[in-house]
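These notes concern the structure reproduced below.
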Amino acid sequence: MHPPQRIAEDELIRQCKAGSLRYQELLYKQFYGYAMGIGLRYSLNRDDALEVVNDAFIKAFHSMGNYDITKPFKAWLRTIVVNTAIDRRRKDLKHQLNIELDNAGPIISHVNAMDSLGVQDILNMMKELPVMQITIFNLYEIDGYNHDEIADMLNIPASSSRVYLSRAKE
């Protein structure tokens, strides 16, 4: 028995642009892991990430006609997944009580065991950060957005983005 043959990315894109549901499914399967990795960084749990990924693929399939084939598909899909996650986060943030940064006290940390922390320990600590801090950390440190871009995405001042990033790092 032969393993399933992987279809070339440009053929997948061409067929998806033509509206082929079969090729949309194949594209979804081929890029699901990539999209889920991004979705997990911006979501509080796996179920939320799955919802973000599915919504992002729906948006991608509806916008496939706008995709410029001279640009990398992964970068285009990444933008859609990040924006979908941010949109969801923005909607969720409307329902949360946010403390004004000017009134918040300093965070005091006495951690001396940084050398003994493993990757999983750091990931677990990141999950405990407030939603806004983890979102800005991901956007700035992992996805490479600057503070002005983050401010526009989240409808906050750029200075607040810097403060949230600083506190996430602490």
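Does Ala35 satisfy the criteria of being in a helix (DSSP H, G or I) and free of Cβ contacts under 8 Å to residues at least 40 places away in the same chain?
no
Restricting the range 155-170 to residues that are at pLDDT 85 or above and of a type outside the set (Ser, Thr, Tyr), which is most open to solvent (accessible area, probe 1.4 Å)?
Residue satisfying both the conditions and the ranking: Arg162.
From the list Ala18, Ala49, Ala56, Ala60, exactly one residue is of a type outside the set (Phe, Trp, Tyr) and open to solvent by 10 Å² or more (accessible area, probe 1.4 Å). Which is it?
Step by step, each of Ala18, Ala49, Ala56, Ala60 is checked, and only Ala18 is of a type outside the set (Phe, Trp, Tyr) and open to solvent by 10 Å² or more (accessible area, probe 1.4 Å).
Output the residue which, of all residues in the range 145-154 that are free of Cβ contacts under 8 Å to residues at least 40 places away in the same chain and not in a loop (DSSP other than H, G, I, E, B), is surrounded by the most Cβ atoms within 10 Å (Cβ to Cβ).
Restricting to residues being free of Cβ contacts under 8 Å to residues at least 40 places away in the same chain and not in a loop (DSSP other than H, G, I, E, B), the top hit is Ile150.
The values are calculated or read from the model by the stated rules, or taken from the named source; none is laboratory data. If you're wondering where the values come from, they're calculated on a predicted model, not measured in any experiment. Positions of Cβ are backbone-derived with ideal geometry, glycine not excepted, and every protein chain shown enters the neighbour counts. Accessible surface areas use protein heavy atoms only, side chains included; no ligands, DNA or RNA. Shrake-Rupley method; radii C 1.70, N 1.55, O 1.52, S 1.80 Å.
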